[in-house]
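Report on the following structure.
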C-alpha cells in the first residue's frame, strides 16, 4: 500500500506506470534511491521522490 | 482515415478497389520505452531512414519507408517512446500532437502501430488503451513474444484481439519474425473502421465529463479522441501546447474536477484507476503467468551489477573498455583512412600539373575529405558500444549508478558516457547526448563535452611539454612531464563540471527532475539492429558535419595559399613555405590579431598557428612547423627552434615554460574544432536554435581560454616566474 506526494509531471508518469495510491509494490532495495517492482515493471526512483513515498507492508502472498 | 479517390482506370481485371495501389500509407509507431520498438522500426525500414528534428523542438524525428506485400509504399514515423499520452516531456508532447493531428508538420497518420512488450503487457496496455480511443485505425505488435514464452507467460492472442477490438500480431523483432503478417495487418487496418474504448465509464463520471468533452469536440477533436483527452486531462496540472487554442478549456477541466470531487472521486488518478481496472480484467481473461515468482536471470545479474561495491567497479571497468576502444582501437583505422586518402590524393595529384588547382585538389579537397572521414571509426565504435549497452538494458543501470554524482552538478546520469567519450573525441560525445531525455540536461552536457581534453589536443600538449617541461621524476614513475599532462586533463574535467553547474543554474535552469528510471530486463541485442543504428549515425554525421567541415577546409586552404607572393626560388623549400604563409591571408590574420595575443605572451607566429587551428587543433603543430621554416612534418627540429627562438627586438626568448603552459591552458579551454561545432549545431536542434547554442559554446570557451591563458601568463610574470 502506497501513498505518494510528488509534483505533476512525475505523478503523471508514475500513474501511467500503474503506480498510485493503493497499488501493491515489491521493494527490491531501499537505499538512497529506491528499487521496486510495480505491475511487473522494475523501477529505480530517485531520492527526491522516495522521500515522498510511504509504503505499508502487506501480508506476503502465498 | 483513408481518403476516397476516384478509381483509376486499370488495365487488369482486379480493379475492384477504390484505393490506388500507389497511395502512400502513413504509419505512426508508438510504444513504451524498452519494447524493442526501435528494433522493429529498423527491421521494417532497414537503412531507408531519414533523421531530422520535429519542428521547433529538439526532439529527434526518424522516418523510414518500406514496400508493403502488395507493392504499396508505406512510410513509418517513429514517435518517441512514451508510457502514456500525458506529456511528461517534450518527447511525449510531440507524440500526442502527431496522433491528434495537431502537430506543426500536419503529418496525419493513417494507421497507428502500437508496439507492446509481451512480457510487460499490463503496463503496455495503458498506452494502448489510450491510443485505441484516438479514432484512428490501430494495430498492436506484441513484441518480444519469444521472451514471454520462455518465461512461461501464455497469452491468448485471439481473446486479446476480441477484448481490445484491434488486430494484434505477435512479433519477435530482433529475429524478424512476424513482420509479414504485421505489414499485411497495417494495410488491412487502414480500410477498417477505427476502434473504440472497450470499457464504459461509470455514469457519474460520464456526466461529469460531458461538458469538457463537448468543449473538445467543438474545438475539432473527434468524439472518440475528445473522450480520451477529457479523461486524460483530469490528471494533468499544466496547460498543453496542442490544446492552447481551445477556449474555456481550463475552466471546463476545473469544473469537471470539482464535480468529480463532490461525487467522491479523486480526479487526478481517475484515469489510471479506470484504465488499470479494465486492464486487470483483460489480463485475467487472456494472460497466464507462472505461479512461482522465481528470480529470473535479470534479477540475478542485477544483484551483482547494482551491488553497492561491485556495481561501480563493474561500471568503471566497462567504461574503461569503451574509452580504450574509442581511443585506441579506432587509431589504426583512422591511420588507415589517412593513408588511404593520402594515397588517393597523391595518385590524383600525380596526374595533374603543378599549380594551384593541384594544391586545391590534393590539400584542400582530399585533405578536407580526409579530415572528415577520419572521424568515422571513432563515431562507429562509440555508437556501437552505446547501442549495445542500451539495447542490452545495461545503460539504465549505468545511469542509475552515476546519477547521484552527476546530479551534484545538475547533470543527468546519462551525461557520463558523452563526457567520457569527450576524452577521445568530442564529436561522437556530442552526438551521444541524444540518449538524455531532458532537453536542458542534454544541452548542458553538449555545452561542456568539448572541455574534456580530446585526443586532438594531445599533439599540442606533447610538443609543448616535450620542449619546455623538464623530465624530473616525481613519485612512483610519474615525471613532471606526466604530471603536467595529467594536470591539463584534470583542468578540462573540473572546468566541464563547474561550467555545467553554472549553465544549469543560469541559462539552462530547470527543475531538478527526480529520477524515474525503468530497469528493463536484460536481453541480447539484435546484431542487425545494431548495425542499422550505427550506420544511421555515421550517415548523419557524413551528411551534416561532413559538408561543413569540407567547406571550411577549402576556405582555410585558400586563406593559407592566397594572396600569393613572389618568393625567392633559391631559398630552401621550407623557407619558401614560411614566407608564403607569412604573406597569405592567414598570415595577415595572424598579424592582425597579434595585439590580442600579446598580453598572453605570444607573437604573431603563434597567432597564425592558433588562427589556423580553430578548424582543427592538430593543425597547430604543422602550422607552427611551416611558420618556423622547418616544414610541417619535422617535430624535432621544431622543438629545437621553439627553445631557441628569440624576439628580434628585445633579445629575450619568445618561448618560456610560462608561455608554454599558458598556451596549453588556452588549448585546454578553446573550442577549436569545426567538426564539434557542426555536430553541436545539429544536436542542439539544428537551424537557428542549433547555431545559437553553438555560438554560445564557442564564445564561452574562447573567453575561458583567453582568460585562463592570461591568468597563467600575467599572473606568473607578476609572481616573477617568467623566463
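The values are calculated or read from the model by the stated rules, or taken from the named source; none is laboratory data. The structure presented is a predicted model; accordingly, all values stated were derived computationally and were not measured. No Cβ is skipped: glycine too gets one built from the backbone with ideal geometry, and neighbour counts run over all protein chains shown.
All of B:285, B:261 fail the test of being touching a helix residue (DSSP H, G or I) at 6+ places or on another chain (Cβ under 9 Å), more than 10 Å from chain A (Cβ to nearest Cβ), in a helix (DSSP H, G or I) and closer than 17 Å to residue B:124 by Cβ, apart from B:285. When you check residue B:216 against the structure, is it within 26 Å of residue B:136 (Cα to Cα), buried (at least 18 other Cβ atoms within 10 Å of the Cβ) and more than 14 Å from chain A (Cβ to nearest Cβ), yes or no? Judged against the criteria, residue B:216 is a match.
Just one of (1) buried (at least 22 other Cβ atoms within 10 Å of the Cβ); (2) within 14 Å of chain A (Cβ to nearest Cβ); (3) not in a helix (DSSP H, G or I) fails for residue B:410. It is (1).
Of the residues making up the range B:101-138, those that are more than 28 Å from the chain's Cα centre (by Cα), farther than 16 Å from residue B:78 by Cα and either away from chain A (no Cβ under 14 Å) or free of Cβ contacts under 8 Å to residues at least 24 places away in the same chain (or both) are B:132, B:133, B:134, B:135, B:136, B:137.
Yes/no per residue for (1) modelled with pLDDT of 85 or more; (2) surrounded by fewer than 22 Cβ atoms within 10 Å (Cβ to Cβ); (3) touching a helix residue (DSSP H, G or I) at 6+ places or on another chain (Cβ under 8 Å); (4) assigned to a helix (DSSP H, G or I):
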| site | (1), (2), (3), (4) |
| --- | --- |
| B:12 | no, yes, no, no |
| B:23 | no, yes, no, no |
| B:27 | yes, no, yes, no |
| B:44 | yes, no, yes, yes |
| B:55 | no, yes, no, no |
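Of the residues making up the range B:98-111, one or more are assigned to a helix (DSSP H, G or I), modelled with pLDDT of 85 or more and at negative phi.
Conditions (1) at pLDDT 70 or above; (2) surrounded by 14 or more Cβ atoms within 10 Å (Cβ to Cβ); (3) more than 9 Å from chain B (Cβ to nearest Cβ); (4) touching a helix residue (DSSP H, G or I) at 6+ places or on another chain (Cβ under 6 Å), marked per residue:
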position: A:8; (1), (2), (3), (4): no, yes, no, no
position: A:12; (1), (2), (3), (4): yes, yes, no, no
position: A:18; (1), (2), (3), (4): yes, yes, no, yes
position: A:25; (1), (2), (3), (4): yes, yes, yes, no
position: A:32; (1), (2), (3), (4): no, no, no, yes
position: A:36; (1), (2), (3), (4): yes, yes, yes, no
position: A:44; (1), (2), (3), (4): yes, yes, no, yes
position: A:55; (1), (2), (3), (4): yes, yes, yes, no
position: A:60; (1), (2), (3), (4): no, no, yes, no
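Among the residues here, residue B:685 qualifies as outside any helix (DSSP H, G or I) and buried (at least 22 other Cβ atoms within 10 Å of the Cβ). Checking each residue in the range B:511-529 for being surrounded by fewer than 19 Cβ atoms within 10 Å (Cβ to Cβ) and assigned to a helix (DSSP H, G or I) picks out B:527, B:528. Selection within the range B:242-276: residues that are in contact (Cβ under 8 Å) with a residue 40 or more places away in the chain and surrounded by fewer than 18 Cβ atoms within 10 Å (Cβ to Cβ). The member of this set that is nearest to residue B:90 (Cα to Cα) is B:255. The single condition among (1) without any contact (Cβ under 8 Å) to a residue 24 or more places away in the chain; (2) within 30 Å of residue B:638 (Cα to Cα) that residue B:484 does not meet is (1).
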